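One structure is given here, and the rest of the page talks about it.
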Amino acid sequence: MASSPPLPAVLALADDLSGAAEAARALGGPVRLCLTAPTGGAAAGAHDLVVDLNTRHLPPADAADAVRSVLGSGGSGAYGLLYKKIDSQLRGNVAAEAVAYAEGAEPLVVAPALPAARRTVTGGVVHVDGVPLHETNGWRAERATPPRSVAEAFSGLAVRTIPLEVVRSGLPCLEAELKSVVASGAHPAPDAETDADLDAIVAAALRLGPGLRLLGSGGLAGALGRALARPTVPAPAPPPARGAAPLLVVAGTAEPGVVRQIEHLTALGMRHIPLRPAELSAGAVEARAGAVDVEADAAPVDTVLSIDGSAGLHPGDGRALSAALAALATAWPGRPDLVLTGGETARATLDALGVRELEPVDEIHHGAVHSRTPDGRSVVTRPGSYGAEDSLLRIATALRPHLAATPAAG
């Protein structure tokens with residue numbers, strides 16, 4: 001009997017770390033998650049490769065150049081499929097990066113829906129919990145206003161919507177519509193409300209032949225992983241014992257829902273240290289010495305650091321606050337295991353620690369990816385806008401099962 005052809009390896013590019021980790025788990029197979037772009041033949045291998053370009057807050061031209069740099073390296077040709085991870089709320093340099101990513105693609109299929117987070121696309125418009133994106137507050141921390149449509153978000157790239165009824169009309173019809181859009185010189189952007197819709201989009205897209213590139217959220221990465229039917233990845237060996245390492249949760253977001261998430265952790269006995277933006281902006285050293293008052297020789301205590309957004313935040317302050325939180329987390333005594341919410345905070349923290357590669361271990365819940373550093377430290381990354389009320393509780397008890405037995409505060 002003839003052997004099955006090898007499954008194509010995937011090269012995935014992301015613009016922030018939490019998105020890169022989400023994509024790595026969604027692809028479902030053996031994967032390398034790199035925080036530095038590979039060069040030349042170093043990219044080639046039997047594993048999928050996910051690269052965090054860390055471009056979310058770069059100037060658009062620099063973000064586009066980062067995409068071109070990886071795709072222009074000699075190693076990118078070793079991968080049979082290319083996938084570009086974007087934010088499901090279309091934040092970041094989506095237009096500039098998409099234009100760079102589309103160079104040499106035939107075709108590019110765009111699908112930003114993320115059903116697991118209740119983010120859908122109908123009529124070419126992203127919806128969050130059924131509300132058009134431009135009518136939500138999902139961009140309140142951004143300097144710009146949200147796009148009113150997928151086509152508007154990808155200005156500079158010819159994008160054409162494929163209606164939901166066509167996506168659900170069956171594989172032959174959807175494939176024909178994709179080919180028709182490509183033949184017209186545009187890039188197809190199918191609507192999607194469910195994972196089944198994304199599965200249909202991937203199934204049809206994979207029939208388009210060489211040159212295909214996919215661009216979308218972690219939902220599209222999950223559909224690609226299911227379509228490729230990766231073999232089961234053996235569970236990684238347990239990390240070396242690290243003694244009584246503390247757990248440090250760094251909530252690098254001022255999303256209103258995080259307040260209640262943190263309350264679940266304080267009910268377990270974890271210490272909570274809210275930091276006012278002015279304290280962090282003054283410098284991590286001053287914040288640590290004044291607001292935190294942590295002694296280096298104190299017994300390790302499981303702790304939550306968060307941004308106190310009660311007085312409001314100025315759009316555009318996020319990067320400086322993330323850098324200050326990262327400096328604080330890096331200096332924390334006891335070499336804690338880390339829970340990092342917000343891709344920018346996660347990346348800044350790992351950069352400060354000198355971490356250049358992560359080994360994804362599992363996904364605690366959607367978007368909350370447990371990885372391991374080369375020296376055995378556990379790191380959980382999660383987008384700041386993700387998670388139900390029990391998100392941080394589930395993460396903390398997954399890393400520290402004994403916390404689940406702690407009586408809740410009455």
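Looking at VAL110, VAL131, VAL167, VAL99, can you tell me which residue is β-branched (Val, Ile, Thr), at pLDDT 95 or above and in contact with a helix residue (DSSP H, G or I) (Cβ under 6 Å, 6 or more places away or on another chain)?
Sole residue among the options that is β-branched (Val, Ile, Thr), at pLDDT 95 or above and in contact with a helix residue (DSSP H, G or I) (Cβ under 6 Å, 6 or more places away or on another chain): VAL167.
Looking across segment 374-407, the residues that are hydrophobic (A, V, I, L, M, F, W, C) and crowded, with 23+ Cβ neighbours inside 10 Å come down to VAL379, VAL380, LEU392, ILE395, ALA396. Segment 47-134 holds no strands (runs of 3 or more DSSP E) entirely within its bounds that carry 3 or more residues that are of a type in the set (D, E, K, R) and within 21 Å of LEU27 (Cα to Cα). For beta carbons closer than 6 Å, sequence separation of 6+ or different chains, a first residue in segment 144-171 that is at positive phi and a second that is surrounded by fewer than 21 Cβ atoms within 10 Å (Cβ to Cβ), the qualifying pairs are GLY156/ALA95; GLY156/VAL99.
If you take the residues in segment 264-282 that are surrounded by fewer than 16 Cβ atoms within 10 Å (Cβ to Cβ) and of a type in the set (D, E, K, R), which one is nearest to ARG394 (Cα to Cα)? Result: ARG271. A count restricted to segment 172-218 and to residues that are touching a residue at least 40 places away in the same chain (Cβ under 8 Å) and among the small types (Gly, Ala, Ser) stands at 7. Of note, ARG118 satisfies the criterion of being on the phi > 0 side of the Ramachandran plot and either within 20 Å of the chain's Cα centre (by Cα) or not assigned by TED's automatic domain parsing to the domain that holds GLU175 (or both). In this structure, ALA254 does satisfy being out of contact with any Cys (no Cβ under 8 Å at 6 or more places or on another chain), modelled with pLDDT under 95 and of a type in the set (Gly, Ala, Ser).
Yes/no matrix, rows are residues, columns are (1) assigned to a strand (DSSP E or B); (2) touching a helix residue (DSSP H, G or I) at 6+ places or on another chain (Cβ under 7 Å); (3) among the charged types (D, E, K, R):
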| position | (1), (2), (3) |
| --- | --- |
| ARG335 | no, no, yes |
| GLU344 | no, yes, yes |
| ALA352 | no, yes, no |
| VAL355 | no, no, no |
| VAL361 | yes, no, no |
| VAL369 | yes, yes, no |
| ASP375 | no, no, yes |
| VAL380 | yes, yes, no |
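For segment 52-66, what are the residues that are buried (at least 18 other Cβ atoms within 10 Å of the Cβ) and aliphatic (A, V, I, L, M)? Scanning segment 52-66 gives LEU53, LEU58, ALA63, ALA64, ALA66.
The values are calculated or read from the model by the stated rules, or taken from the named source; none is laboratory data. Fair warning: this is a prediction, and the values are worked out from it, not measured in the lab. Cβ sites come from the backbone with ideal geometry, for glycine too, and all protein chains shown count toward neighbours.
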